[in-house]
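For reference, the structure discussed in these notes is given below.
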Amino acid sequence: MQPKDHWEKVYANKATNAVSWFQPHADTSVGLIKATGAALDASIIDVGGGASTLVDDLLALGYTNLTVLDLSAAALAAARQRLGSKASGVHWIEADITRASLPDREFDIWHDRAVFHFLTSPEERAAYVQAVFRAVKPGGHVIVATFAEDGPNQCSGLPVMRYRPDELHAEFGEAFTLLKHEKEAHHTPSGTVQQFVYCYCRRMGT
């Protein structure tokens, strides 16, 4: 099964608020985005945002230049339906981030909660990091969250990578300065607890 087929099947068979990664509110992500000090018209992309409620929270705070990218058309459709008329103010992209063609130096903030840890091959991770470097403006902000070193070994039936903060930052390298990291104990809809690590970096270079 191809990854896209897998995720389309997940969203076809489960309610968006029943998947393990669901959060009623993405409080840690919102806090880190606000901590960047970026203006409300800053260009923000949520990679793997799918049906996440982060876009709802950001719209409610007054952010106006939002992009949500996901592999699953069903996940994006669920988010658009939930937002109703507000969905027209968001740019939606259905794509695999390791192959997506994004505008160069377009984004002030790159956010990803729970995509990067599914990239189990060095080639996939390298393609992802190259996409970040191309698409984020010099001096822009990069927030990536994955399972922590004591997090699950798999998710949604797929193998995942687990990271300590220094290991996650090392995947991105010297072109990204680590400004902050924090851990989150995520309580899933089924009642289990999953440990996440968030790394907040700044993209260097010109």
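For segment 147-166, does any single residue satisfy the condition of being surrounded by 14 or more Cβ atoms within 10 Å (Cβ to Cβ), part of a helix (DSSP H, G or I) and not polar (S, T, N, Q)?
yes
Among (1) assigned to a strand (DSSP E or B); (2) surrounded by 14 or more Cβ atoms within 10 Å (Cβ to Cβ), which single condition is Glu171 missing?
For Glu171, the failing item is (1).
Looking at (1) out of contact with any Gly (no Cβ under 6 Å at 6 or more places or on another chain); (2) of a type in the set (A, V, I, L, M); (3) in contact (Cβ under 8 Å) with a residue 40 or more places away in the chain; (4) under 22 Å from Ser43 (Cβ atoms), find the lone condition where Ala75 falls short.
Among (1) out of contact with any Gly (no Cβ under 6 Å at 6 or more places or on another chain); (2) of a type in the set (A, V, I, L, M); (3) in contact (Cβ under 8 Å) with a residue 40 or more places away in the chain; (4) under 22 Å from Ser43 (Cβ atoms), Ala75 violates only (1).
Looking for whichever is of a type in the set (Asp, Glu) and under 16 Å from Ser29 (Cα atoms) here; the options are Asp150, Asp104, Asp108, Asp166. Which one fits?
Asp108
If you go through segment 64-83 one residue at a time, do you hit one that is modelled with pLDDT of 95 or more, crowded, with 21+ Cβ neighbours inside 10 Å, touching an Asp or Glu at 6+ places or on another chain (Cβ under 6 Å) and among the β-branched types (Val, Ile, Thr)?
Within segment 64-83, one or more residues are modelled with pLDDT of 95 or more, crowded, with 21+ Cβ neighbours inside 10 Å, touching an Asp or Glu at 6+ places or on another chain (Cβ under 6 Å) and among the β-branched types (Val, Ile, Thr).
Filter segment 107-140 down to the residues that are out of contact with any strand residue (DSSP E or B) (no Cβ under 8 Å at 6 or more places or on another chain) and aliphatic (A, V, I, L, M) and list them by number.
Passing the criteria: Leu119, Ala126, Ala127, Val129, Ala131.
Identify the residue in segment 178-206 that is of a type in the set (Lys, Arg) and within 15 Å of Ile109 (Cα to Cα) and, among all such residues, is surrounded by the most Cβ atoms within 10 Å (Cβ to Cβ).
Arg203
Could you list all residues from segment 31-51 that are surrounded by fewer than 18 Cβ atoms within 10 Å (Cβ to Cβ) and touching a helix residue (DSSP H, G or I) at 6+ places or on another chain (Cβ under 8 Å)?
Of everything in segment 31-51, those that are surrounded by fewer than 18 Cβ atoms within 10 Å (Cβ to Cβ) and touching a helix residue (DSSP H, G or I) at 6+ places or on another chain (Cβ under 8 Å) turn out to be Lys34, Leu40.
Here are Ala131, Ala100: which of them is within 15 Å of the chain's Cα centre (by Cα), over 17 Å from Val197 (Cβ atoms), in a loop (DSSP other than H, G, I, E, B) and not β-branched (Val, Ile, Thr)?
Ala100
Residues to consider are Ala26, Ala15, Ala60; find the one that is within 21 Å of Val193 (Cβ to Cβ) and surrounded by fewer than 16 Cβ atoms within 10 Å (Cβ to Cβ).
Ala15
Go through segment 168-203 and count every residue that is closer than 17 Å to Trp21 by Cβ, touching a helix residue (DSSP H, G or I) at 6+ places or on another chain (Cβ under 8 Å) and of a type in the set (Ser, Thr, Tyr).
1
Determine whether Ala39 is modelled with pLDDT of 95 or more and under 15 Å from Asp57 (Cβ atoms).
no
The values are calculated or read from the model by the stated rules, or taken from the named source; none is laboratory data. Just so it is clear, the structure is predicted and the values come from calculations on it, not from any experiment. Note that each Cβ is placed from the backbone with ideal geometry, even for glycine, and that neighbours are counted across all protein chains shown.
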